[in-house]
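S.K.: Got a structure for you, written out below as structure tokens; questions coming shortly.
The values are calculated or read from the model by the stated rules, or taken from the named source; none is laboratory data. Note that the coordinates shown come from a computational prediction; the quantities given were computed from them, not determined experimentally. FYI the Cβ positions are ideal-geometry reconstructions off the backbone, even for glycines, and counts take in every protein chain you see.
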Amino acid sequence: MTYHAEIERLTDSIALQGPGWASIDPESAARMRAQNRFRTGLDIARYTAGIMRRDMAAYDLDPGNYTQSLGCWHGFIGQQKLIAIKKHFGSTRGRYLYLSGWMIAALRSEFGPLPDQSMHEKTSVPALIAELYTFLRQADARELGGLFRALDDARRTHNQLDEMRLINAIETHETHVVPIIADIDAGFGNAEATYLLAKKMIEAGACALQIENQVSDEKQCGHQDGKVTVPHEDFLQKIRAIRYAFLELGVEDGIIVARTDSLGAGLTKQIAYSREPGDLGDQYNGFLDCEEIDPADIGNGEVFISRAGKLLRPKRLPSNLYQFRPGTGEDRCVLDSITALRNGADLLWIETEKPHIGQIAGMMDRIRAVIPNAKLVYNNSPSFNWTLNFRQQVFDAWEAEGRDVSAYDRATLMSADYDGTALASEADERIRTFQRDASARAGIFHHLITLPTYHTAALSTDNLARDYFGEQGMLGYVAGVQRREIREGIACVKHQNMAGSDIGDDHKDYFAGDAALKAGGGANTMNQFAA
């Protein structure tokens, strides 16, 4: 419905109520509606699921249409990302947000900072989703409020050209509300627990949930040791639980991202149930590290499996965990991925130990030989030392080509001594084009950085503390923060406006008219930033 059509509809609706509603202005009500486009989290989930589905179809046609996101741990952080994206690129297309379980554990738990082991309150996950969308919706209200005030100014000065331009901007306004891919860890319990939490996350607005195949009570960060996976059927129960949650809530095109941690997980807690040779349980057990034994050598409390007429003893640790054969990680990732896609997952996530296109593509080629449109969500993780990894990749490539690498020490390539060298420049170019190249070569639909603002907050705070508490004093803040905000057009320099002061003034106008006591008058120091 157009802006004018909404005003006309509300004019008629208000008139029907008689003189008691005579003080209600239809255009003000229309503006408030425009500023609150999404009424519920489910409205958001349905809207953003449609965005992701269209983006997935566009990627299938052209891998250049890959998408990106950055992880965030507070609604304000997510809001500022989308404001920045609209400022720099004019559109949010292909840009999402990622909600990281790691950052919730580290920054949002009432227990204080925790490792990424699903020990934080599960309710903090849907709470952050709701918070993110509250801030994104406020960004819409703030931006539209600015357009409404400019429209009023154009009318006061009888500038019809500006008035037409502004009405068009209002009617074509692009929302800051974008898809959130939300981390549900390993489901925080059994399939029923996964279903219940998934519902809360979807009701908060999440259209895409990412779940991993680790054991819930032994869950580890994807880039740490000690990871334990579950048999496929256990994982598939949780995928089904999430799908039922989406369907129950009417988000029929919700997205499930199935993550496999098998590349770095050498342990399992269970021996899979197998009905017949070659079934999924038998394939899972086939990766166990076993030794053939003589029945006469059976000891007390040992566990055995039979395969091809042989009695085998899986290697069991004192922790009661079973060990996989070394070197089977990639084969397990491929089986995990194919199985997940065949049983209701929409996208894959393969957690790797390094950002190596060849490694990722090798697994995805095998998966796509079975499921041609398989697509990957890939963690461009801060847990990787990107500089060292890519300098070593260039070193290895040059050495294989027979080029002279005697000026470089492979083990110390992180050193600043190598900055500016030909090897460092080529490594940086590979980092710059990594997402584009990996999307074309390795089937990566979505690139994300899980923990970027954890690191940017620490870095910027360190710089400010060094300068402000040092010789720079107040200049440390003014030169390092405020002056840059002003000159780079950072909206947050007008922090009162960002916090909703002008929106509040608009509402005072609607509610009180000439009696409104507004904050945005001449004495407001935010006017110092008008230029």
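S.K.: Considering each residue of segment 469-503, count those that are among the aromatic types (Phe, Trp, Tyr) and either touching a residue at least 12 places away in the same chain (Cβ under 8 Å) or within 30 Å of Lys518 (Cβ to Cβ) (or both), and give that number.
M.R.: Selection size over segment 469-503: 1.
S.K.: Looking only at residues that are aliphatic (A, V, I, L, M), crowded, with 19+ Cβ neighbours inside 10 Å and modelled with pLDDT of 95 or more in segment 78-105, which one is nearest to Ala186 (Cα to Cα)?
M.R.: Of everything passing the filter in segment 78-105, Leu99 is nearest to Ala186 (Cα to Cα).
S.K.: Could you identify the single residue in Phe148, Phe89 that is on the phi < 0 side of the Ramachandran plot and free of Cβ contacts under 8 Å to residues at least 12 places away in the same chain?
M.R.: Result: Phe89 is the single residue among Phe148, Phe89 that is on the phi < 0 side of the Ramachandran plot and free of Cβ contacts under 8 Å to residues at least 12 places away in the same chain.
S.K.: Can you tell me which residues in segment 300-312 are under 23 Å from Asp234 (Cα atoms) and not in a loop (DSSP other than H, G, I, E, B)?
M.R.: Ile305, Ser306, Arg307
S.K.: Among the residues of segment 20-33, is any out of contact with any His (no Cβ under 8 Å at 6 or more places or on another chain) and crowded, with 19+ Cβ neighbours inside 10 Å?
M.R.: yes
S.K.: Within segment 321-342, can one find any residue that is acidic (Asp, Glu), surrounded by 23 or more Cβ atoms within 10 Å (Cβ to Cβ), modelled with pLDDT of 95 or more and under 27 Å from Thr268 (Cβ atoms)?
M.R.: The answer is yes, given that some residue of segment 321-342 is acidic (Asp, Glu), surrounded by 23 or more Cβ atoms within 10 Å (Cβ to Cβ), modelled with pLDDT of 95 or more and under 27 Å from Thr268 (Cβ atoms).
S.K.: Would you point out which residue out of Met103, Met119 is of a type outside the set (S, T, N, Q) and part of a loop (DSSP other than H, G, I, E, B)?
M.R.: From the options Met103, Met119, the qualifying one is Met119.
S.K.: Could you list all residues from segment 411-429 that are of a type outside the set (A, V, I, L, M), in a loop (DSSP other than H, G, I, E, B) and surrounded by 10 or more Cβ atoms within 10 Å (Cβ to Cβ)?
M.R.: Ser415, Asp419, Thr421, listed by residue number.
S.K.: Among the candidates Leu209, Leu236, Leu263, which residue alone is assigned to a loop (DSSP other than H, G, I, E, B), crowded, with 17+ Cβ neighbours inside 10 Å and at pLDDT 90 or above?
M.R.: None of the others qualify; the one that does is Leu263.
S.K.: Restricting attention to segment 66-78, does a residue exist that is of a type in the set (Gly, Ala, Ser), farther than 17 Å from His173 by Cα, in a helix (DSSP H, G or I) and not assigned by TED's automatic domain parsing to the domain that holds Gly146?
M.R.: no
S.K.: Criterion first (of a type outside the set (A, V, I, L, M), within 16 Å of the chain's Cα centre (by Cα) and farther than 14 Å from Thr175 by Cβ) does Pro113 satisfy it?
M.R.: So Pro113 fails the test.
S.K.: For segment 41-48, check the following and say yes or no: at least one residue is in the same structural domain as Tyr133 (by TED's automatic domain parsing), in contact with a strand residue (DSSP E or B) (Cβ under 6 Å, 6 or more places away or on another chain) and buried (at least 19 other Cβ atoms within 10 Å of the Cβ).
M.R.: For segment 41-48, residues in the same structural domain as Tyr133 (by TED's automatic domain parsing), in contact with a strand residue (DSSP E or B) (Cβ under 6 Å, 6 or more places away or on another chain) and buried (at least 19 other Cβ atoms within 10 Å of the Cβ): absent.
S.K.: Can you pull out every residue in segment 56-75 that is more than 15 Å from the chain's Cα centre (by Cα) and crowded, with 18+ Cβ neighbours inside 10 Å?
M.R.: Met56, Tyr59, Pro63, listed by residue number.
S.K.: Could you please give the count of residues in segment 359-405 that are part of a loop (DSSP other than H, G, I, E, B) and of a type outside the set (Lys, Arg)?
M.R.: Within segment 359-405, residues that are part of a loop (DSSP other than H, G, I, E, B) and of a type outside the set (Lys, Arg) number 14.
S.K.: Oh, and also: Give Tyr408, Tyr454 a once-over and let me know the one that is surrounded by 15 or more Cβ atoms within 10 Å (Cβ to Cβ) and assigned to a loop (DSSP other than H, G, I, E, B).
M.R.: Tyr408
S.K.: Among residues belonging to segment 430-450 that are in a helix (DSSP H, G or I) and in contact with a Phe, Trp or Tyr (Cβ under 6 Å, 6 or more places away or on another chain), point out the one that is surrounded by the fewest Cβ atoms within 10 Å (Cβ to Cβ).
M.R.: If we take residues in segment 430-450 being in a helix (DSSP H, G or I) and in contact with a Phe, Trp or Tyr (Cβ under 6 Å, 6 or more places away or on another chain), then Ile431 is surrounded by the fewest Cβ atoms within 10 Å (Cβ to Cβ).
S.K.: Hey, another quick one. Quick check: anything in segment 281-299 part of a strand (DSSP E or B), outside the structural domain of Glu330 (by TED's automatic domain parsing), free of Cβ contacts under 8 Å to residues at least 24 places away in the same chain and among the charged types (D, E, K, R)?
M.R.: yes
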